[in-house]
Amino acid sequence: MHYSHTEGRDLWVPTSSGLRVSLVDPQRESIVIEDIAYHLAMQTRFNGAAPISVAQHSVMVARCCESHLGQLVGLLHDGHEAYTGDVTRPVKDYLRRMHKHGPSHLDLLEAKIQRAVYEALLPAAYAKLVGAVLAEVKRADERVLATERRDFISCGDAWDRPLPEPLTAKIELWSATKARCEFLAVYDELLEAAAELPPAA
């Protein structure tokens, strides 16, 4: 189903800073890093089955990436969840099956908002190159997922697919406040370095 801008005026989500983000046509000016850091710090992974926040997960993914662009994209890769919530993988798979294994309406919504996140929060030259590091970010995301499974999910042996080796160190949980602050600090650090590096670095 497609909505016109007029029909979709009521389809928006509020943010902690008081902004509105349209689900029909998310605008760059409505997406700010402070909202994403706050919202992701308040959400836990696996629908609450694991006590780690999405913000801490995102910082870990960024730190597992090798390239500078990969680190930036890794930090922001779940940015859409600040507005859609962290919908679990089994729910997403169920919705895809209802669409005969094609992309679901949720997939399309998440992709649209994620594009807006990258456009709003990455330097313009970097935003154009996101596709070049998605495989790198995916590998890092899977490794962090494997670590979360080991440390927090008791039914991990029954996982539906193989995962890479987890990180060596056990995850030390952060409070929501620390997760938000670390997320913002890493973003500022990477953004500052981006001004001194070529986009592909």
Query raised in the report: Picking from ARG96, ARG9, which residue would you name as being open to solvent by 30 Å² or more (accessible area, probe 1.4 Å), assigned to a helix (DSSP H, G or I) and without any contact (Cβ under 8 Å) to a residue 60 or more places away in the chain?
Result: ARG96
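Can you pull out every residue in region 164-181 that is assigned to a loop (DSSP other than H, G, I, E, B) and surrounded by 16 or more Cβ atoms within 10 Å (Cβ to Cβ)?
Matches in region 164-181: PRO166, LEU167, ILE171, TRP174.
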Query raised in the report: Quick one: is PRO26 over 25 Å from ALA125 (Cβ atoms), more than 15 Å from the chain's Cα centre (by Cα) and not hydroxyl-bearing (Ser, Thr, Tyr)?
Result: no
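Every residue, every condition in (1) in contact (Cβ under 8 Å) with a residue 12 or more places away in the chain; (2) assigned to a loop (DSSP other than H, G, I, E, B); (3) buried (at least 17 other Cβ atoms within 10 Å of the Cβ), yes or no:
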| site | (1), (2), (3) |
| --- | --- |
| VAL13 | yes, no, yes |
| ILE36 | yes, no, yes |
| PRO51 | yes, yes, no |
| LEU72 | yes, no, yes |
| ASP78 | yes, yes, yes |
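Condition (residue is of a type in the set (A, V, I, L, M, F, W, C), closer than 16 Å to HIS57 by Cα and not in a loop (DSSP other than H, G, I, E, B)) applied to region 151-158: is it met by at least one residue?
Of region 151-158, the ones of a type in the set (A, V, I, L, M, F, W, C) are 152-153, 155, 158.
In the following step, the residues that additionally are closer than 16 Å to HIS57 by Cα were identified as 152-153.
With the extra rule that they be not in a loop (DSSP other than H, G, I, E, B), the set shrinks to 152.
Yes, that holds for at least one residue.
Only one of ASP93, ASP10, ASP107, ASP35 is modelled with pLDDT of 95 or more and acidic (Asp, Glu); which? Write out each step before concluding.
Values: ASP93 fails: modelled with pLDDT of 95 or more; ASP10 fails: modelled with pLDDT of 95 or more; ASP107 fails: modelled with pLDDT of 95 or more.
Of ASP93, ASP10, ASP107, ASP35, the one residue that is modelled with pLDDT of 95 or more and acidic (Asp, Glu) is ASP35.
Just give me the residues in region 124-138 being assigned to a helix (DSSP H, G or I), in contact with a helix residue (DSSP H, G or I) (Cβ under 8 Å, 6 or more places away or on another chain) and surrounded by fewer than 17 Cβ atoms within 10 Å (Cβ to Cβ), in sequence order.
ALA132, LEU134
The values are calculated or read from the model by the stated rules, or taken from the named source; none is laboratory data. The structure presented is a predicted model; accordingly, all values stated were derived computationally and were not measured. Glycine gets a Cβ as well: all are built from the backbone with ideal geometry, and neighbour counts include every protein chain shown. Please note that ligands, DNA and RNA were not included when accessible areas were found on the heavy atoms of the full protein model with its side chains. Shrake-Rupley method; radii C 1.70, N 1.55, O 1.52, S 1.80 Å.
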